Amino acid sequence: MLGQFGTRPDAANSSSSLPNLAKFRHLTASAINLTAYLLVLFAFRLSKASYVVAGREPSIVLSALIGSLWMNEGGLLPLLAGAAVVLAGVVCVALAR
């Protein structure tokens, strides 16, 4: 059975030299999210907005793919069809440069 932070209750009492990193997962996720957002803002300063937005779209496909394969959400065939459309759009934007 898992405890409050997704760890075994006896894990907090173990004599490990490493801190219990499960307690910091929300902080870590927040830091990664903030860093990703700042990188996108930096990319907007370096390039045209249409290129940056098109470059961000594959992350939506990857998120759906992870949900379909690892989380067993199903619907892989429509996901692959949508991924092909997104890929075609990114290629069109890249070739339009």
task: Considering only the range 66-97, state which residues are within 28 Å of residue 49 (Cβ to Cβ) and of a type outside the set (A, V, I, L, M).
output: 67, 82, 89, 92, 97
- request: Among the candidates 87, 79, 62, 38, single out the residue that is under 14 Å from the mean Cα position of the chain (by Cα), at pLDDT 75 or above and assigned to a helix (DSSP H, G or I).
  value: 62
task: Report, by residue number, each residue of the range 44-82 that is in contact (Cβ under 8 Å) with a residue 24 or more places away in the chain and closer than 23 Å to residue 33 by Cβ.
output: 51, 54, 55, 57, 58, 60, 61
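I need the full set of residues from the range 44-61 which are of a type in the set (D, E, K, R) and within 11 Å of residue 90 (Cβ to Cβ), in order please. Steps first, answer last, please.
Filtering the range 44-61 for residues of a type in the set (D, E, K, R) gives 45, 48, 56-57.
If the condition is that a residue be of a type in the set (D, E, K, R) and within 11 Å of residue 90 (Cβ to Cβ), then 56, 57 are the ones that fit.
The values are calculated or read from the model by the stated rules, or taken from the named source; none is laboratory data. Source: prediction; values computed, not measured. Note that each Cβ is placed from the backbone with ideal geometry, even for glycine, and that neighbours are counted across all protein chains shown.
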